[in-house]
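Have a look at the structure below, then the notes.
The values are calculated or read from the model by the stated rules, or taken from the named source; none is laboratory data. These numbers were taken from a predicted model, which means no experiment stands behind them. Using ideal geometry, Cβ is built from the backbone for each residue, glycine included, and neighbour counts are taken over all protein chains shown. Each accessible area value is taken on the protein alone, full model and side chains, heavy atoms only, with ligands, DNA and RNA left out. Shrake-Rupley method; radii C 1.70, N 1.55, O 1.52, S 1.80 Å.
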Protein chains: 2
Amino acid sequence: METVSTNRAFGGTQGVYRHRSETCGCDMTFAVYLPPQAEAGPCPVLWYLSGLTCTHANVMEKGEYRRIAAETGVIIVCPDTSPRGDGIADMDTYDLGQGAGFYVDATEAPWRNHFHMYSYVTRELPALIAEHFPVDMARQGIFGHSMGGHGALTVALKHSDTYRSVSAFAPISNPIAVPWGQKALPAYLGDDQTAWRHYDATALIEDGYKVPEILVDQGDADNFLAEQLDPAAFRSACEKAGVDLTYRMQPGYDHSYYFISTFMADHVAWHAERLAG
Amino acid sequence: METVSTNRAFGGTQGVYRHRSETCGCDMTFAVYLPPQAEAGPCPVLWYLSGLTCTHANVMEKGEYRRIAAETGVIIVCPDTSPRGDGIADMDTYDLGQGAGFYVDATEAPWRNHFHMYSYVTRELPALIAEHFPVDMARQGIFGHSMGGHGALTVALKHSDTYRSVSAFAPISNPIAVPWGQKALPAYLGDDQTAWRHYDATALIEDGYKVPEILVDQGDADNFLAEQLDPAAFRSACEKAGVDLTYRMQPGYDHSYYFISTFMADHVAWHAERLAG
């Protein structure tokens, strides 16, 4: 693992690191914020999964998570959204290929050689983080935005023993039923829709996967709300399954980091409470 | 004036606007954050002047000023750092020309046609802001970073009746004596050093200009500290003149927005206190 940069911030350290990923078969870059408390000993760790077109850098620069992370003593890890580089499959579109890994393990050509973001964020990167940073891996939470909200929800539902808390900003909560998912899921996983259900938060809840509670913030002026993010099926699945979903429709907010940064402190504090002790 | 974008953030609105500047002879872009309190009536206005290479966007995206501006009810205006565009003089260097206006009114060719940032930020833009936004122009403060810290200090010293409060992050406080200034000031103002003194915070204080108090934060791991930002002469001038300078040397911090964002809330709150009532 190589250190790309470190900057002092809010009494802690914002770092960017690069390593050779076996899972993705390429170099991968990620960001880690260590709060001041990490100097004294292991801290809980909160994973942030980013949305379409993003790298680790978008939320690191615009997400405004450091103040509240320093206040609550939480380490925040921000992975990239896909494998990248020459020799990695790509498409001339923002919602498939590089920058759009959808947190799945692809089984279809040409993606199956490198696009293993599910295994990367649930296995390889956690092992690397545990080795190099003062993290208490018994206290992990996960959250994300849009495609990364989808990632956070599906990862948490399938590993409810690993992640104590999960939340999302404007998540794709039912990708099977919306254009983004209907483009990415067959490309990465083939035409058999049973494979898709394993990467759909609504379907996972319908199929019996559970977490005790979920926090979601969604802007009502989000351009993608009606077509890509419609939460009706997800809310209904949570209700039927007894998942305690706090779903906050935020008036006037859009899909941008202006929205995310506004509610970032609420989310980090919510996780910190559940990761305490 | 044309609206480029508006985004809901922290209960208020982050906007970006463009207008034809008579002073600079080109289109200029700037950012304005309106806190929620601006819906009820005029609010104090705080001017943020950016550093070398920046536009209005850097601090808007990375500065983390909206939470505290919303909490304290302060409008924040972020101008660009120079005229820009085809047909505007430029140099193939980061510290002279476009992105490096140094908040002076240039008198020398080729800069004198467009590089009038001093008049732009003290006259033309305030008039435009007063016309279009709910600002209480009797309650103005000013701050900035690096070259923008220089801008804020010199503007406040020369207009102590207009700006009630002034602060800076890692300011160029004595440009006459450092390489950045010794490159920019002769290029923009010619070789007569008496003209330079009018744009040097330390020289202005030595020459009798005053403000009651100044807040400065400076990282001690700032790469530019020794060569470009050395505060000794400025501190000494403040002391001799009875200017109440709070100069905070922050251990481990560099020159980046990670530093600025860490201390942004302190600065905005400090201004808000002085702009209240």
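Kirkwood's formula applied to the C-alpha pairs of the protein assembly as shown gives a hydrodynamic radius of 24.9 angstrom.
Per residue, the convex hull spanned by the Cα atoms of chain B amounts to 113 cubic angstrom. Residues whose amide H comes within less than 5 Å of that of B:Leu46, counting only those at least five positions distant or on another chain, are B:Ile75, B:Ile76, B:Val77, B:Gly141 (H built at 1.01 Å from N in the peptide plane). Residue by residue along B:58-66, Cβ atoms of other protein chains within 10 Å of the local Cβ number 3 on average.
Any idea of the accessible area per residue across chain B, 1.4 Å probe, to the nearest Å²? Roughly 36 Å² per residue, with all protein chains present.
Modelled spin-label separation between A:Asp86 and A:Asp27, with each label point placed 7 Å from Cα along the Cα-to-Cβ direction: 1.2 nm. Here the Karplus relation 6.51 cos²θ - 1.76 cosθ + 1.60, evaluated at θ = phi - 60°, turns the backbone of the range A:60-73 into coupling constants of 4, 8, 10, x, 6, 9, 5, 4, 6, 5, 5, 5, 9, x Hz, with x for every Gly and Pro.
Give the Kirkwood hydrodynamic radius (Å, one decimal) of the range A:1-92, defined as one over the mean of 1/r across all pairs of different Cα atoms.
Its Kirkwood hydrodynamic radius stands at 13.9 Å.
Take the Cα radius of gyration of the range A:93-250 and divide it by 2.2 N^0.38 Å, N being the number of residues; the result is 1.01.
Between copies, the label points of B:His132, set 7 Å from Cα on the Cα→Cβ line, lie 4.6 nm apart, reported in increasing order to one decimal in nanometres.
Scanning chain B for the Cβ atom closest to the axis that brings B onto A yields residue and whole-Å distance B:Glu64, 3. The H on the amide N of A:Asp27, modeled in the peptide plane, is under 5 Å from the matching H of A:Ser21, each at least 5 residues off or on a different chain. In this simple spin-label approximation, A:Gln182 and B:Glu39 carry label points 7 Å from Cα along the Cα→Cβ vector, and these lie 3.7 nm apart. Dipole check for the range A:140-277: with +1 at the C-beta of Lys and Arg, -1 at the C-beta of Asp and Glu, and the Cα centre as origin, the magnitude is about 280 Debye. Taking chain B as a Gaussian network of alpha-carbon nodes connected by springs under 10 Å, the highest mean-square fluctuation of the residues B:Gly51, B:Gly99, B:Gly25 belongs to B:Gly25.
On the basis of the beta-carbon distance and an R0 of 41 Å, A:Arg123 and B:Thr93 show a calculated FRET efficiency of 0.30. Each copy carries a label point for A:Gly190 at 7 Å from Cα along the beta-carbon vector; from one copy to the others these points are 8.0 nm apart, nearest first.
A dipole drawn for the protein assembly as shown from +1 and -1 charges on Cβ atoms has a positive end, and of A:Pro171, A:Phe263, B:Gly277 the residue lying farthest that way is B:Gly277. If you wrap the tightest convex hull around every Cα atom of the range B:209-265 and split its volume per residue, you get 90 Å³.
Each of A:Ser5, A:Ser50, B:Tyr65 was placed along the dipole of the protein assembly as shown (beta-carbon charges, centred on the mean Cα), and the one lying farthest toward the positive end is B:Tyr65. Restricting the chymotrypsin sites (Phe, Trp or Tyr not before Pro) of the range B:83-113 to loop positions (DSSP other than H, G, I, E, B) with no more than 13 neighbouring Cβ atoms within 10 Å leaves B:Tyr94. On the beta carbon distance between A:Asp266 and A:Glu206, with R0 = 30 Å, the FRET formula returns roughly 0.60.
Note down the magnitude of the dipole of the range A:13-134 about its Cα centre, charges +1 on Lys and Arg C-beta and -1 on Asp and Glu C-beta and zero elsewhere, to the nearest 20 debye.
Value, rounded to 20: 260 debye.
Bridging of A:Lys62 to lysines at a Cα separation below 19 Å is possible for B:Lys62, once same-chain residues fewer than 8 apart are set aside.
With a cut-off of 18 Å on the backbone N, the residues of the range A:253-277 near the modelled label site 7 Å out from A:Asp220 along Cα-Cβ are A:253-256, A:259-260, A:263. Taking the Cα centre of the protein assembly as shown as origin and assigning +1 to Lys and Arg Cβ atoms and -1 to Asp and Glu Cβ atoms, the resulting dipole is close to 760 debye.
Mean-square fluctuations from a GNM of chain B, with a 10 angstrom spring cutoff on Cα atoms, peak among B:Asp230, B:Asp220, B:Asp192 at B:Asp192. Converting phi to 3J(HN,Hα) with the Karplus coefficients 6.51, -1.76 and 1.60 and the offset θ = phi - 60°, the range B:211-225 yields 10, x, 8, 9, 10, 10, 10, 9, x, 7, 9, 6, 4, 9, 4 Hz in sequence order, with x at every glycine or proline. Mind checking which lysines have their Cα closer than 29 Å to the Cα of B:Lys210? Skip sequence neighbours fewer than 8 apart in that chain. Of all the lysines, those that pass the test against B:Lys210 - Cα under 29 Å, at least 8 places apart if same chain - are B:Lys158, B:Lys183, B:Lys240.
Between this copy and the others, label points of A:Glu227 are 5.0 nm apart in ascending order, each placed 7 angstrom from Cα in the Cβ direction. The HN-Hα couplings worked out from phi for the range A:93-102 by the Karplus form 6.51 cos²θ - 1.76 cosθ + 1.60 (θ = phi - 60°) are 7, 7, 10, 7, x, 4, x, 9, x, 6 Hz, whole numbers, x standing for Gly and Pro. Between the residues A:Tyr188, A:Gly148, A:Ile129, the greatest Cα displacement towards the positive end of the dipole of chain A, with unit charges on the Cβ of Lys, Arg, Asp and Glu, is found for A:Ile129.
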